[in-house]
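*Asks:* Please see the structure below; I have some questions.
All of the numbers you see were taken from the coordinates with simple rules; none came from a lab. These numbers come from a predicted model, not from an experiment. Counting neighbours? That spans all protein chains shown, and the Cβs are built from the backbone with ideal geometry, glycine included.
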Amino acid sequence: MSSISLEDTFILSKNAALRDLDGEAVILDFDSGTYFGLNAVGTRMWHLIERHGRLKDVLDELCREYDATTDELERDLLALVARLAEVHLGELQQP
């Protein structure tokens, strides 16, 4: 896979279910039967990816919501998307 860009769209797997647990989340991958945990920020990113898809739109909303630098939020978002793609919890679509 080529490098991930904010112009990319990430489509979450339909074969996964997210369960919120007091601000954090657990994702069950039905295909593999494995669980994947997210902290509160990762959970928010998941919900924004679900709503927007396009990573630039997700980052814009994160910047409005969190008191962190754009660079930090971008790094964390791209790392999460890379990890989700690696464990087959979504698919990257590049323009």
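*Asks:* For the chain, which span is the longest to avoid every loop-located (per DSSP) member of chymotrypsin sites (Phe, Trp or Tyr not before Pro) having at most 14 other Cβ atoms inside 10 Å?
*Replies:* After excluding every exposed loop site, the longest remaining stretch is 31-65.
*Asks:* As a check on your grasp of the helix formula, calculate [θ] at 222 nm for the chain: sum -39500 (n - 2.57) over DSSP H runs of n ≥ 4, divide by the residue count, round to the nearest 500.
*Replies:* -14000 deg cm²/dmol
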